Amino acid sequence: MEKGNLSIHSENILPIIKKWLYSDADIFVRELVSNACDAILKLRKLSDLGEAPNLPKDEKYEICVRTDKENKTITFEDNGVGMTADEIKEYINQIAFSGASAFLEKYQDKIGADNEIIGHFGLGFYSCFMVADKVQIDTLSWQDGATAARWLCDGGIEYEMSDGKRTSRGTTITLFVGDEHAEYLEEFNLRATLTKYCSFLPVEIYLNPPTDEYVEKVETAEKVEILDADGEKLDEKDEKVEKAERKPLNDTSPLWLKSANDCSDEDYKAFYKQVFMDFNEPLFWIHLNMDYPFRLKGILYFPKLKHELEYIEGQVKLYNNQVYVADNIKEVIPEYLLLLKGVMDCPDLPLNVSRSFLQNDGYVKKMSGYISRKVADKLNSLNKKDGEKYQSYWDDISPFIKYGCIKEADFYDKIKAAVLYKTTNGDYVNLEEFLARNAEKTGKTVFYVSDDQLQAQYIKMFKEQQLEALYLTTKLDNPFISYVENYEREKEVQFNRIDSDLSTALKQDKAATEEETKQQEEVEKLFQEILANKNLKVQIETLKSESISAVVLLSEQVRRMQEMSRAYGGMESLQGMFGGDAETLVLNRSNKLVQALFKLKDEQSRRDDTELISRQIYDLAMMSHKPLPNEQMTKFIERSNLILERIL
């Protein structure tokens, strides 16, 4: 057996980091600004711990990023702890040696678990070689008697170190940007990248702020004399020196870090507009704040939808110690909540080196479960405490909730009392309430409307008999009701579309006589001949409503199978089993037009009239069931005109 140590060819490390460690070139901005932020946070910690007693109490900490298109450089400057030459050798020359981790290990007992240090792997600095041909570090440590140091490297394994000229504490990193990444020299592009990754870092960040020399010029500007050609004084005026605005581009205290009690509704709305550039106000929001077993803070917004399909455009931004990581990470955020908008900051996220993927599945599942529970608690609370307001939100938030129920059984179990349904009476109820108040008339069958205009005739029938149905009109409702039926299987709850079956409450309770049975056979044969459809099923019922001549029914099971067939590209086997001839034409014996047709059908001399009325009754019934094909609609209009002419 042979044992030994693995060896690494150092000349291959930087090319690997440059090409493969990070997926996007702009990551270098995030990493260098994060390192600068860490340098300042370390100094703050040292000051708080009494390790750096000579620091001014009113010290202003900041990070300055500057571009120089002429010299093709970008500089990142901070006034944090700085480094000595020995620390450069330790933290920079040793790849993957993390200064942040070393700092935390040294002061672990004093800092505790609630630290703000961002760095972890000791690789972030090297991301600068993704865009730079050469990198220079100028630094001066906070320690008394420290000497300034300079480090220079062109991306290979060789570097140069010498005494530096920096006179103030902190670090400046200068990138000599290569031609292929010259776009980062444009202030607009660099500002967009800083805004993307660093909008909420805890240290103020300035992009191309005015220099000290320029500020001094502004502050010392005086009046100047205006002389004539002979040198005589004509007038005097203020020297025109415009004062550049010095404003940080980040918010160092984002709303999610504050207590919900300290945030007003206006604060939440303003933050929503700032982060998502959405000037439509959100419906409501959930403030997340957890310290155990992991730290998690955030705000989830329920946006107002403009149309049904808009709910797919959600965006949940994930942060790690106020550093942007990514949008919509499904491992952390329950999939259905990705339809919302929000921000979440979890310092304990088990991220990989590039901070783009997660490593600890069990840990992440606990986070996901917590978030799901908090959302359910908020919705249940809102429904109980302010039901009227919750109902006003329902049409907008129902896609989120229904999708969540389909995706997570546990979520439906927690939220089912707050899952509302709009009824044809115009109010909102949950399923249990609806079943309770309709038990005598429709039992465990729940009738629903999928198109209130197309099915207006059926709705009218229901209302006339004091029956009610639910409005389930979105594309998400079909899979949702299938899910609910399966969940409520023990209760034998069944959803039927309002045109799938006739409730016994709509019909007069009497058995058909022998004569009526024979009449039904004759009428069915008549319609089959006139419509040239031998498979057409015709049924005669005595409905309580006399105004309706006929309706078309299609059983719920057959309709769902037809929809499945269409969804899967018209599977031939399903088409054969559940084709277009599965509807049943139900004639209303109580209707005068139908009664007249029964008499007319036996008069051979009026066969044309019989055919005309039969076709019209069929088309009228079919129009309340589904849109007529173009050719059939054209014939219906022609026939209607002919009937009107005969009446006149």
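The values are calculated or read from the model by the stated rules, or taken from the named source; none is laboratory data. Worth saying up front: this structure is predicted, and the values here are computed from it rather than measured. We place every Cβ from the backbone using ideal geometry, glycine too, and count neighbours over all the protein chains shown. Accessible surface areas use protein heavy atoms only, side chains included; no ligands, DNA or RNA. Shrake-Rupley method; radii C 1.70, N 1.55, O 1.52, S 1.80 Å.
Here are some notes:
- Pair list, Cβ < 6 Å and 6+ apart or interchain, from segment 380-396 residues that are under 17 Å from P282 (Cβ atoms) to residues that are open to solvent by 60 Å² or more (accessible area, probe 1.4 Å) and part of a helix (DSSP H, G or I): none
- Qualifying positions in segment 472-514 - among the polar types (S, T, N, Q) and touching a Ser or Thr at 6+ places or on another chain (Cβ under 8 Å): T473, T474, Q494, N496, S500, S503, Q508
- D24 satisfies every condition listed in (1) modelled with pLDDT of 80 or more; (2) assigned to a loop (DSSP other than H, G, I, E, B); (3) open to solvent by 40 Å² or more (accessible area, probe 1.4 Å); (4) over 22 Å from D138 (Cα atoms) except (1).
- Here the condition is being in contact (Cβ under 8 Å) with a residue 40 or more places away in the chain, in contact with a helix residue (DSSP H, G or I) (Cβ under 8 Å, 6 or more places away or on another chain), surrounded by 15 or more Cβ atoms within 10 Å (Cβ to Cβ) and over 25 Å from I459 (Cβ atoms); of L526, L506, it holds for L526 alone.
- Residue in segment 388-398 that is on the phi > 0 side of the Ramachandran plot, open to solvent by 20 Å² or more (accessible area, probe 1.4 Å) and not β-branched (V, I, T) present: no
- Qualifying residue in segment 154-177 (condition: more than 39 Å from the chain's Cα centre (by Cα), outside any strand (DSSP E or B) and of a type in the set (A, V, I, L, M, F, W, C)): yes
- As a summary of the residue check, D68 satisfies the conditions (1) open to solvent by 30 Å² or more (accessible area, probe 1.4 Å); (2) modelled with pLDDT under 90 except for the one numbered (2).
- Unique residue being assigned to a helix (DSSP H, G or I) and either in contact (Cβ under 8 Å) with a residue 24 or more places away in the chain or open to solvent by 10 Å² or more (accessible area, probe 1.4 Å) (or both) when the list is I74, I40: I40
- Qualifying residues in segment 135-171 (those that are among the β-branched types (V, I, T) and open to solvent by 60 Å² or more (accessible area, probe 1.4 Å)) - the one nearest to I40 (Cα to Cα): T167
- From the list Y336, Y268, Y292, Y301, the lone residue that is touching a residue at least 12 places away in the same chain (Cβ under 8 Å) and more than 11 Å from the chain's Cα centre (by Cα) is Y268.
- Selection within segment 77-94 - buried (at least 18 other Cβ atoms within 10 Å of the Cβ), touching a helix residue (DSSP H, G or I) at 6+ places or on another chain (Cβ under 9 Å) and not in a loop (DSSP other than H, G, I, E, B): E77, D78, E87, Y91
- Here D144 fulfils each of the conditions (1) on the phi > 0 side of the Ramachandran plot; (2) modelled with pLDDT of 85 or more apart from (1).
- Sole exception among (1) at pLDDT 90 or above; (2) part of a loop (DSSP other than H, G, I, E, B); (3) among the hydrophobic types (A, V, I, L, M, F, W, C); (4) under 23 Å from the mean Cα position of the chain (by Cα) for L249, by number: (4)
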